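Here's the structure we're looking at; comments come further down.
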Protein chains: 2
Amino acid sequence: MTRGLTSAERALATLRDLIMGGELAPGARLGEVELAERLGVSRTPVREALSRLAAEGLVEIAPNRGARVATWTVAELEGVFDLRSVLEPQLTAHAVPNATAADVDELDDLARRMHEVGTPGPRQELDALVPLNRAFHDRLVALAAHPTLATALAAAIHPPIVRRNFLTYDEASLRRSLAHHGEIVAALRAGDPEWARAVMTSHIANARAVMVRAARVQTADQVAPREESA
Amino acid sequence: MTRGLTSAERALATLRDLIMGGELAPGARLGEVELAERLGVSRTPVREALSRLAAEGLVEIAPNRGARVATWTVAELEGVFDLRSVLEPQLTAHAVPNATAADVDELDDLARRMHEVGTPGPRQELDALVPLNRAFHDRLVALAAHPTLATALAAAIHPPIVRRNFLTYDEASLRRSLAHHGEIVAALRAGDPEWARAVMTSHIANARAVMVRAARVQTADQVAPREESA
DNA sequence: CAGCCCTACGTTGCATGCAATCGTGCGGGA
DNA sequence: TCCCGCACGATTGCATGCAACGTAGGGCTG
């Protein structure tokens, strides 16, 4: 359907998208039969997909008690940012020598567009920021050409966290974040890996502060473990 | 058998041990029926275990073509050490404030025993070094009390690499490595996370140099993709 | 004689069926 | 009234069977 791959692969990709896209909220129960019907396959590939997602940390499986979308405490969220705070700067530093002028121009373009739609004012469209931000960071990861680091980072990020909290930036933090993107472009253009590493470290620290604060207030209305959000 | 867990869990643990223990050499073919008979279960839990091991990076699965124990190039090995070079120092720094005097004493004991059996001379027993080293590092990981970092590190380490190359230290590198352990204990006792972080960074860099060199020479006699070694 | 196709085997991928386990609601006893 | 025990329903865990894919070998054709 989606591609010529196996059913298990499609189930894996679909479930990942559903979780990362927020359609399956953290804590939502993942019944095998329900998912199998929803995806039009049998329980076997669903089980395999759930298993792999559990290995990735996106779902939690309790033996004989089924799977749920993974939840996390504030402490775990801080742990994730702790991890990012060492991985992403390292990745960024690796990207510097690999970036061509064209690459830098593309990143520059992304940074400028994020600045446009992100700056507070009449033209602000925070929703447009999410895909641009993702594109920017993905581009950096690709430039680093470092599969091991990239895999570790992908496993760590737990995209739902990022996604759910991305719109909670206060104005000052958002301005800092936008400025960081521009500065990373500058560091790339200058070919200075240590500069790039330092900016990315700041970038993550800034995001960490925002998201931990947002998670703290969110835990209040997460008392009832709702089933689904879609 | 092993425990009261599910068959899939046992298959997973068993396969992991077989791979990490070196009984299944990198590149060895992993037929589902063969493994199922060997483990006394059906193909289903074996498939699940293989899937999860693939997610962990220990095996590689080609669709419709089966699974093999993961192999790696020298570049990937360098990538792994790149990852460790940021993760393990961070973990060590986190361990510092959590270490009680008793913890430090235990680590000190391990470091001293490693020094005894590792120092070149009549009493040298390099084989005894492997479990001691592992105990030392595991203890540090536990002290860090940082599940996210610990998971990322465990996923990165690819123990077969470490295991296969551990006995290839030249004398100078080995002396440095043993000294690092003692110095980490000193940093813990002093309660200085930056000191501990710095020593661990050196420790990984030293190991990296040894293992990359060892891997380079090993690739020579790895031309023939042997099936199994046990 | 070389190259290609086609067939047959082995393996993986998936669906289905059955047994075991867990959660839950009800009834009996203290 | 409250608590413990029990049986029912629902769900997971695993085994088996069948279909699809990949691979290797032999025969045919140019």
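A few remarks follow.
- The stretch A:7-71: relative contact order as a whole-number percent, Cα under 8 Å and 6+ apart: 41 percent
- Using the Cβ-Cβ distance between B:Arg123 and B:Glu34 with R0 = 45 Å, the FRET efficiency computed as 1/(1 + (r/R0)^6) comes to roughly 0.55.
- Shortest first, A:His115 label-point distances to identical copies amount to 5.7 nm, with the label point at 7 Å from Cα along Cα→Cβ.
- Quarter of the Cα convex hull surface for the stretch B:102-153, i.e. its orientation-mean projected area (nm²): 3.9 nm²
- Dividing the summed helix terms, -39500 (n - 2.57) for each DSSP H run of n ≥ 4, by the number of residues in the protein assembly as shown produces a 222 nm estimate of -23000 deg cm²/dmol to the nearest 500.
- When B:Ile61, B:Ile19 are compared by accessible surface with a 1.4 Å probe, the order from highest to lowest is B:Ile61, B:Ile19.
- The protein assembly as shown: C-alpha gyration tensor shape, a/c 1.5 cut-off, then a/b vs b/c: oblate
- √(5λ) per eigenvalue of the Cα gyration tensor, the stretch B:58-194, largest first, Å: 28, 21, 12
- Here the accessible area of chain A is 53 percent carbon and sulfur, with a 1.4 angstrom probe and all protein chains present.
- Hydrodynamic analysis of chain A uses the Kirkwood radius over alpha carbon pairs. Inserted into Stokes-Einstein at 25 °C and 0.890 mPa s, it gives a translational diffusion coefficient of 129 µm²/s.
- Position A:Ala128, label points 7 Å along Cα→Cβ, spacing to each other copy in nm (shortest first, one decimal): 6.9
- Between copies, the label points at B:Ala62 (set 7 angstrom from Cα along Cα-to-Cβ) are spaced 4.2 nm, reported in nanometres from shortest to longest.
- Among the trypsin sites (Lys or Arg not before Pro) in the stretch A:106-145, those located in a DSSP loop and surrounded by at most 16 other Cβ atoms within 10 Å of their own Cβ are A:Arg123.
- Average accessible surface area per residue within the stretch A:7-71, 1.4 Å rolling probe, Å²: 45 Å²
- Per-pair calculated FRET efficiency, R0 = 41 Å: A:Ala190 and B:Arg113 via Cβ, rounded to 0.05: 0.25
- FRET efficiency for the B:Ala101 to B:Asp170 pair, using the beta carbon distance and R₀ = 51 Å, is estimated at 0.90.
- Buried between B and A is an accessible area of approximately 1800 Å², summed over both sides with a 1.4 Å probe.
The values are calculated or read from the model by the stated rules, or taken from the named source; none is laboratory data. Model, not experiment: these values are computed from the prediction. Counting neighbours? That spans all protein chains shown, and the Cβs are built from the backbone with ideal geometry, glycine included. Surface areas here come from the heavy atoms of the whole protein model, side chains and all, with no ligands, DNA or RNA. Shrake-Rupley method; radii C 1.70, N 1.55, O 1.52, S 1.80 Å.
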